[in-house]
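What follows is a set of notes on a single structure, which appears directly below.
Every number here is computed from the coordinates shown, using simple stated rules; none is lab data. Given the structure is predicted, the values throughout are model-derived calculations rather than measurements. Because the Cβ atoms are built from the backbone with ideal geometry, glycine has one as well, and the counts that use them run over all protein chains shown.
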Amino acid sequence: MAVFLLDVDNTLVDNDHVKRDIRREIESLVSADRASRFWSLYEEVREQAGVVDFPETLRRFRRAFPNEPRTEDVDRAVLDVPFARYLYPRAIDVIARLWTLGEVAIVSDGDRIYQPAKIARAGLLLATRGNVLVYEHKEDHLAEVERRFPARHYVHVDDKASLLARTKAALGARATTIHVRQGHYATEPEPGPPPDVGIDRIADLLTLDPRQFGG
Ligand SMILES: [Mg+2]
């Protein structure tokens, strides 16, 4: 039986859209220079931790502007995103179909607090029956993923061709890689092995011939 390894950001959840809306809301709450400071702190954290970390960004924002009257509102703008509204069309139906073909798991990049909360709130923890793994750099944890979900064949679905190439390099013919060309990484060039399958939207997995999943 195959195991489907699904990415989250820009694969199941339109994270570019989430970020645009958070940006717009913060701009409506605080002055332009403070809003822009928020995003420079976000980048600073990302550079230091190597991963996006909103809780840490919020902590640093609060420290930078201890007298900002809208701090709690900024927290809410980031922490209370209704992620289920940002699922790509038919994302949950796709997961249901994949369950008829094998086991489904989410393997996502992110911090250990915000990202699991996002996944749960989007309805993806339920849809994947609790099969959720979050790493700061998931490409370094493939062996762990294999131990947790042993299978003869893996299908990795992701918007980042570079991550698919890493999986292909490690697993070779034991993996089918599917590139979902959604979000701002969709056109990023990748010198590694090309994806086995390319689709324009996650909903295309509803009609993909099961033989295309390989294995
Ligand atoms: Mg992604």
Mind sorting His184, His179, His153 by how few other Cβ atoms lie within 10 Å of their own Cβ, fewest first? His184, His153, His179
Compute from the Cα atoms of segment 16-83 the Rg and the Dmax, the latter being the longest Cα-Cα distance, and quote both in angstrom. 11.1, 30
Using alpha carbon centers only, segment 141-157 is separated from segment 57-111 by a whole-angstrom value of 24
Order of Arg147, Arg24, Arg90 from fewest to most other C-beta atoms within 10 Å? Arg147, Arg24, Arg90
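Give me Rg/Rg_expected for the chain, where Rg uses Cα atoms only and Rg_expected = 2.2 N^0.38 Å with N residues. Let's see the in-between values first.
Working: Rg = 18.2 Å, N = 215, 2.2 N^0.38 = 16.9 Å.
The reported ratio for this selection is 1.07.
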Between helix 32-49 and the chain, what is the angle of the helix's C-alpha long axis to the longest principal axis, kept within 0 to 90° and rounded to the nearest 10? 40
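Classify segment 35-141: rounded, prolate or oblate, from the alpha-carbon gyration tensor (a ≥ b ≥ c, eigenvalue square roots; a/c under 1.5 rounded; otherwise prolate if a/b is larger than b/c)? Before the final figure, lay out the partial values.
On the way: a/c = 3.26, a/b = 1.90, b/c = 1.71.
Taking the square roots of the gyration eigenvalues as a ≥ b ≥ c, segment 35-141 is prolate.
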Just for the chain, what percent of DSSP beta bridges are antiparallel, to the closest 5? 5
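Normalised by the residues of segment 16-83, what does the relative contact order come to in percent, with Cα pairs under 8 Å and at least six apart?
Computed value for segment 16-83: 36 percent relative contact order.
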